[in-house]
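S.K.: The structure under discussion is supplied below as structure tokens; questions concerning it will follow.
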Amino acid sequence: MAPRKRPPAPARGASAPPAPTEAHRPPRFVATKVEIEGREETKIVELPDRNPQPWDDAAELHVVGARVPRMDAVEKVTGGARYTADVLRPGMLWAAVVRAPAAAGRATLDVSAALARPGVRGVLTLDDVRGIRLDGMQLLDDAIHYAGQPLCVVCADHYALARAGAAAVRVTVEPAPHAVNLEQALADGAPRVRSRGNVSPRSPRLIQRGDVDAGLHDAEVTITREYRTPVALHSALEPHGAVAEWEGGRLSVWESTQGIFNTRSDLAKALGLGLSNVRVMKDYMGGGFGAKNGASAAAYLAAVAARKLGRPVRCAWDREGEQTDAGNRSATVQRVTLGAKRDGTLTAIVLDATIPLGMGGWEAGPGRIYHELHACPNVRTSETFVYTNTGPMASFRAPGHTEGAFGLESALNALAGELGLDPLELRRRNYATADQSRDRRYSAKRLDECYRRGAERFGWHDRAARRATTSATHVRRGFGMAACVWGGGGGPPAYATVRLNRDGTADVLTGAQDLGTGSRTVLAQIAAETLGAKLADVRTVLGDTERLPFASNSWGSITTASVGPAVRAAAEEARDRLFEAAAAMLDAGVTELSSRDGVISVRGSERTMTIGEACNRLGDVMIMGQGSRGPNPEQTTIPAFGAHFAEVEVDVETGRVRVVRIVAAHDSGRIINPTLAESQLEGAVLQGLGYALFEERVLDARLGLPMNPTLHDYKVPTMADAPAIEGFFVGGADTVANHTGAKGLAEPPIIPVAPAIAAAVADAIGAEMPEIPMTPWRVLAELKTAG
Amino acid sequence: MSPFTYHRATSTDDAAARLAGARAVPMGGGTDLLVAIDEGVVAPAQLVDLRGVPGADAVALDARGALRIGGAARVHDVARHPAVLERWPALAQACEAVGSPTLRQMGTMGGNLCQRPRCWYFRRGVSCFKNGGDECPAVDGENQYLAVIGGGPCHAVHPSDPAVALTALEATVEITSAGGTRTVPIAAFFVPPAEAPERETVVGPGEFVSAIGVPAVSAGGVQRYHKLMQREAWDFALVSIAAVRPAAGGVRMALGGVAPGPWRVNSSVEEDVASGGLDDDSISALAERALYDAQPLSKNGYKIEMAGALLRQAMRELAT
């Protein structure tokens, strides 16, 4: 890269480093590693001018760490919050999607009756979107790859008219044989799901360290088990959807997305537009869980339809579309072998996994957690990814690790049983102190504290005494535990601007998004802390590619750790400028000033003024600060950890499982807002409980059709199913990770839920649970096997 | 979804006259009907809303102590009605077990009895006996929620909770049309699929459930309704049971979720339970006898075990 002439350094506050001279200036753009959804990527980062002092455990903080309520809670519960589906544009048309009624074959469409219906303004078919591909498939393809695949879109003056139009489209299917599950896809003579075959060209993916054969040879105890996990559906309350509007050659899109900039790139590329001619907006969001990481099919369809018909178009999936054609967590079959010494020391971990991906998606895979969670010199995982005639997978809260943890942690619990060891003690004896899979240090690891404090809170060591206390003779009580690891470091690039208005209120501007996690509140807390402002005076503005600086997708639990440091740096720069201005007003030196709760004070004096007074005196002089996220530490893995302890009651006559209590102890570095963080733990425990007990996409193998694509028949937990959840965080700031000390926490807490519950069920009934969800029929079947 | 008109009936006669029209369908809370229309399972030309008919939602005792529940009475109101709670608690418990608070607030008793089965194949428009087809795709498919007893050629189960309690309470159903009113015992209200697999009840075109009668002789004593679901709320029964030993004597038990309609337990079993003096072994033997005719499909055998557990539990409760 050619050296860029550096602009003259702007006036900076006291804490700004001296500007280096041209000759000794270190490289400004460097490479750094960022872990996203279990995958590590190398990113270029522009080294920030400003590197705030890390907030270590001794830092005196007032707003960061406070239990402040979610700042948009009132809007949400009163219906004032505007979601993508609430966007109404003048003259807007509504789209309804016609979907494939079979899993394979070729569709022929007759849209004439639809076009003749009242209010119908137009139809999109394959010819309108040729060349736009998602997950390797042509959008609106006439070749059917899975039931529920979009075939055409009818646009009308209102949604009811569009739906009536869609129902009037005549779809003729020339059927072809399908393969909707592993058995069908891997059978001799199976129909070809993708042209290159039914097994991913990159399979089997083999990852290994050490020598597992030697490890198994050295083992004194060996166990082998097979575990199965289901296809789980994200079931976000807000389905995928977008509103698109053109003004000349410029496109505006409102989309329910986890990544406005990714969506912008996807749309610009597909439509041949410059990035500056595409604006993507997203304000409130009703959940994504990993399935909304780029432009959705709905966004492409809305954009193309709006261009073709010359009016804004709203295209949103209905619930059936959401449950069949919006991504899913892949099913897995995991064959696990563990070798160990009598004292529990692991000598080998072997996984052979098969994963049906659907028509595509990325290959998350259950294997990686086998390499990361427990110390073992010899680990080998083999993962085979198989294509099936079902909707493509999409990232789903800790993709891969959640499936893998069910196998790994269940096997570890089985091994503990075999060895006669406490499952917690077995984990302590195999405690990994460094990242074995990448052979480097951890920024921090406090899983041992999660084990200790989680067990203490749960009463793990007194559980034998509680076992007999059940309500009826046919109800058995059981206890189980499991652990997790997940990348939590976040990283660059992420940018933020903080600007002060003349009344002293502050706007935090960053192109991140709040999926409902509370990012809006957390980023405002970081800015308020740094500025010394009142939190109520700080507002976070998110979700607009045209008006906000770049921040990456809200995925991989990275937002707080990525954007938080950028916000802090921006706020610090703004504060320093404010202090420069206020110093003259207060007749003091800049370094004598401090601010808290909206008041600037002079050290050792009674002189004060509010931030509002200072800004007001400045008039329309705008105090602004820019900040960016710096690189991650070199040769360092930045993880989050957790340990869950579950108590269940199982009715051995009916097979019903009731989860009574979950204690979830987590290490995610500094917690910016304990209330919101605990809310993430609770949500993840409930989502994990659904995965463990209820949730399972069911297809009829013969017909190739989804059977339960409704929120009644796909059973997510209700509030009545919620156990007592005691979620809490251990430890404190991880200052190696970044200068806020915070790490990711949204995904890790779903990882250990299912294996912890399964272990508790096994403990209760005396039979291992090899498959989730643990429906009554599966529990009864295992009880029978156990005799 | 085909277009339809909506009429809020002002009287029983008005409702009956409207329902005599072509493809007119009675509507209560619409919690099932509107979904079924949306799914394309039914395609009415006219909806006749019965909730505006004066007195149609009344729940009242008559002079002889029998209960009359208007067809448009809300499930929630029956669940919380003082006389129902006191004298027919099995019915109150069954109503309280329906769906969710919102569904109970919207749903009516007549609508609850007339809701269509939840069989996935029927609901998703796969050709089957219920929609004019000539095979049951569930037999070789996903039949985990379907009938283990009394099924064939259709194996769908009726989803109502109150119907199971009403069966144990030997209720009657009043059916009205432009031609007049008839009353049928609940045992004759549900039609076995061997007779007419395309429908579940004797309610024909032009007819609606105007009331449900619960006899005084079924009141009091020991009454229980137990419902096993996959999750704790907003779910249909995997298996349920209504078991009563009214103050006037006798034992009656009915199972839900196992058969095309509420499954009344064999009278010889009921008599043996009524005669009392049962130990654990005889209770188990009776439960097995009650399920003697059960023939599970490929994926629903667990329901027989669940039904056995509920029967044993109920017999123990009735014995004490």
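The values are calculated or read from the model by the stated rules, or taken from the named source; none is laboratory data. The structure displayed is predicted, hence computed values, not measured ones. Note: ideal-geometry Cβ built from the backbone for every residue, glycine included; neighbour counts use all protein chains shown. With ligands, DNA and RNA removed, areas are computed over all heavy atoms of the protein, side chains included. Shrake-Rupley method; radii C 1.70, N 1.55, O 1.52, S 1.80 Å.
S.K.: Of all residues being within 14 Å of another protein chain (Cβ to nearest Cβ) and assigned to a helix (DSSP H, G or I) in the range B:86-103, which is nearest to the chain's Cα centre (by Cα)? Just the residue, please.
M.R.: B:96
S.K.: Check whether at least one residue in the range B:105-113 is farther than 20 Å from residue B:40 by Cα, open to solvent by 20 Å² or more (accessible area, probe 1.4 Å), assigned to a strand (DSSP E or B) and not assigned by TED's automatic domain parsing to the domain that holds residue B:294, and report yes or no.
M.R.: No, the range B:105-113 has no match at all.
S.K.: Answer yes or no: is there a residue in the range A:617-632 that is over 20 Å from the mean Cα position of the chain (by Cα), over 19 Å from residue A:528 (Cβ atoms) and assigned to a strand (DSSP E or B).
M.R.: Yes: one or more hits.
S.K.: Specify which of the listed residues (A:685, A:736, A:779) is open to solvent by less than 10 Å² (accessible area, probe 1.4 Å), more than 14 Å from chain B (Cβ to nearest Cβ) and either in contact with a strand residue (DSSP E or B) (Cβ under 7 Å, 6 or more places away or on another chain) or under 27 Å from residue B:39 (Cβ atoms) (or both).
M.R.: Answer to the check: A:685.
S.K.: Output the number of residues of the range A:189-222 satisfying the condition of being in a loop (DSSP other than H, G, I, E, B) and of a type in the set (Lys, Arg).
M.R.: Residues meeting the conditions: 4.
S.K.: Name the single residue, out of those in the range A:636-669 being polar (S, T, N, Q) and either within 14 Å of chain B (Cβ to nearest Cβ) or crowded, with 24+ Cβ neighbours inside 10 Å (or both), that is nearest to residue B:300 (Cα to Cα).
M.R.: Residue satisfying both the conditions and the ranking: A:654.
S.K.: Separate question: Looking at the structure I just gave you, is residue A:225 assigned to a loop (DSSP other than H, G, I, E, B), more than 14 Å from chain B (Cβ to nearest Cβ), open to solvent by 40 Å² or more (accessible area, probe 1.4 Å) and not hydroxyl-bearing (Ser, Thr, Tyr)?
M.R.: It is false that residue A:225 is assigned to a loop (DSSP other than H, G, I, E, B), more than 14 Å from chain B (Cβ to nearest Cβ), open to solvent by 40 Å² or more (accessible area, probe 1.4 Å) and not hydroxyl-bearing (Ser, Thr, Tyr).
S.K.: Okay, next question. Which condition number does residue A:387 fail, the rest of (1) surrounded by 22 or more Cβ atoms within 10 Å (Cβ to Cβ); (2) modelled with pLDDT under 95 being met?
M.R.: The one condition residue A:387 does not meet is (2).
S.K.: Which of the residues belonging to the range A:555-586 are at pLDDT 95 or above and assigned to a loop (DSSP other than H, G, I, E, B)?
M.R.: A:586
S.K.: Okay, moving on. Does residue A:102 satisfy the condition of being open to solvent by less than 50 Å² (accessible area, probe 1.4 Å) and under 32 Å from the mean Cα position of the chain (by Cα)?
M.R.: Against the criterion (open to solvent by less than 50 Å² (accessible area, probe 1.4 Å) and under 32 Å from the mean Cα position of the chain (by Cα)), residue A:102 qualifies.
S.K.: Which pairs do you get when a residue that is of a type in the set (Phe, Trp, Tyr), found in the range A:547-573, comes within reach of a residue that is surrounded by 24 or more Cβ atoms within 10 Å (Cβ to Cβ), reach meaning Cβ atoms under 6 angstrom, with the pair 6+ apart or on two chains?
M.R.: Partner pairs satisfying both residue conditions: A:550/A:495; A:550/A:511; A:555/A:258.
S.K.: Restricting attention to the range A:412-471, report how many residues are crowded, with 17+ Cβ neighbours inside 10 Å, over 20 Å from residue A:336 (Cβ atoms) and hydrophobic (A, V, I, L, M, F, W, C).
M.R.: 6
S.K.: Considering each residue of the range A:696-716, count those that are surrounded by fewer than 23 Cβ atoms within 10 Å (Cβ to Cβ), more than 9 Å from chain B (Cβ to nearest Cβ) and under 16 Å from residue A:388 (Cα atoms), and give that number.
M.R.: 1
S.K.: Answer yes or no: is there a residue in the range B:259-277 that is away from chain A (no Cβ under 14 Å) and in contact with a Cys (Cβ under 9 Å, 6 or more places away or on another chain).
M.R.: Checked the range B:259-277: at least one residue is away from chain A (no Cβ under 14 Å) and in contact with a Cys (Cβ under 9 Å, 6 or more places away or on another chain).
S.K.: Okay, moving on. Within the range B:287-320, how many residues turn out to be outside any loop (DSSP other than H, G, I, E, B), away from chain A (no Cβ under 11 Å) and buried (at least 18 other Cβ atoms within 10 Å of the Cβ)?
M.R.: Summing the residues that are outside any loop (DSSP other than H, G, I, E, B), away from chain A (no Cβ under 11 Å) and buried (at least 18 other Cβ atoms within 10 Å of the Cβ) in the range B:287-320 gives 4.
S.K.: Same structure, new question: Yes or no: the range A:298-308 includes at least one residue that is touching a residue at least 24 places away in the same chain (Cβ under 8 Å), open to solvent by 20 Å² or more (accessible area, probe 1.4 Å) and closer than 13 Å to residue A:93 by Cβ.
M.R.: Yes, that holds for at least one residue.
S.K.: For the range A:111-130, name all the residues that are small (Gly, Ala, Ser) and either within 20 Å of residue A:91 (Cβ to Cβ) or open to solvent by 60 Å² or more (accessible area, probe 1.4 Å) (or both).
M.R.: The initial filter retains those residues of the range A:111-130 that are small (Gly, Ala, Ser), namely A:112-114, A:116, A:119, A:122.
Selection gives A:112, A:116, A:119, A:122.
S.K.: What single numbered condition from (1) at pLDDT 95 or above; (2) out of contact with any His (no Cβ under 6 Å at 6 or more places or on another chain); (3) open to solvent by less than 10 Å² (accessible area, probe 1.4 Å) fails to hold for residue A:364?
M.R.: Failed condition: (1).
S.K.: Can you report the number of residues in the range B:35-93 which are charged (D, E, K, R) and touching a residue at least 24 places away in the same chain (Cβ under 8 Å)? First the steps, then the outcome.
M.R.: Initially, the range B:35-93 is screened for residues charged (D, E, K, R), giving B:38-39, B:49, B:51, B:57, B:62, B:64, B:68, B:74, B:77, B:80, B:86-87.
Among the residues that remain, those that are also touching a residue at least 24 places away in the same chain (Cβ under 8 Å) are: B:38-39, B:49, B:51, B:57, B:64, B:68, B:74, B:87.
Residues in the range B:35-93 being charged (D, E, K, R) and touching a residue at least 24 places away in the same chain (Cβ under 8 Å): 9 in total.
S.K.: Given the condition part of a helix (DSSP H, G or I) and under 27 Å from residue A:227 (Cα atoms), answer yes or no: does some residue in the range A:721-741 qualify?
M.R.: yes
S.K.: From the residues in the range B:116-133 that are free of Cβ contacts under 8 Å to residues at least 40 places away in the same chain and within 12 Å of another protein chain (Cβ to nearest Cβ), which one is nearest to residue B:198 (Cα to Cα)?
M.R.: Here the residue is B:128.
S.K.: Name the single residue that is nearest to the other protein chains (Cβ to nearest Cβ) among those in the range B:134-143 being open to solvent by 20 Å² or more (accessible area, probe 1.4 Å) and not charged (D, E, K, R).
M.R.: B:139
S.K.: Please determine, by comparing only the residues of the range B:232-248 that are under 15 Å from residue B:317 (Cα atoms) and open to solvent by 10 Å² or more (accessible area, probe 1.4 Å), which one is farthest from the other protein chains (Cβ to nearest Cβ).
M.R.: Looking at the filtered set, the residue picked out is B:247.
S.K.: Output the number of the condition that residue A:680 fails; it satisfies all remaining conditions of (1) outside any strand (DSSP E or B); (2) in contact with a Phe, Trp or Tyr (Cβ under 8 Å, 6 or more places away or on another chain); (3) away from chain B (no Cβ under 12 Å); (4) not aromatic (Phe, Trp, Tyr).
M.R.: For residue A:680, the exception is condition (2).
S.K.: Would you be able to say whether some residue in the range B:68-82 is in a strand (DSSP E or B), over 30 Å from residue B:231 (Cα atoms) and either in contact with a helix residue (DSSP H, G or I) (Cβ under 8 Å, 6 or more places away or on another chain) or open to solvent by 20 Å² or more (accessible area, probe 1.4 Å) (or both)? Quick ask: steps written out before the conclusion?
M.R.: Initially, the range B:68-82 is screened for residues in a strand (DSSP E or B), giving B:68-70, B:74.
Subset that is over 30 Å from residue B:231 (Cα atoms): B:68, B:70.
Now narrow it down to the ones that are either in contact with a helix residue (DSSP H, G or I) (Cβ under 8 Å, 6 or more places away or on another chain) or open to solvent by 20 Å² or more (accessible area, probe 1.4 Å) (or both): B:68, B:70.
Within the range B:68-82, one or more residues are in a strand (DSSP E or B), over 30 Å from residue B:231 (Cα atoms) and either in contact with a helix residue (DSSP H, G or I) (Cβ under 8 Å, 6 or more places away or on another chain) or open to solvent by 20 Å² or more (accessible area, probe 1.4 Å) (or both).
S.K.: Moving on. Pull out all pairs, ordered by first then second residue, where Cβ-Cβ is under 6 Å, the residues are six or more apart or on different chains, the first lies in the range B:209-228 and is surrounded by fewer than 22 Cβ atoms within 10 Å (Cβ to Cβ), and the second is hydroxyl-bearing (Ser, Thr, Tyr) and not in a strand (DSSP E or B).
M.R.: As it stands, the answer is none, since no pair meets every condition given.
S.K.: Another one. Do we find that residue A:677 is closer than 12 Å to residue A:746 by Cα and open to solvent by less than 10 Å² (accessible area, probe 1.4 Å) in this structure?
M.R.: On the way: closer than 12 Å to residue A:746 by Cα: yes; open to solvent by less than 10 Å² (accessible area, probe 1.4 Å): yes.
In short, yes.
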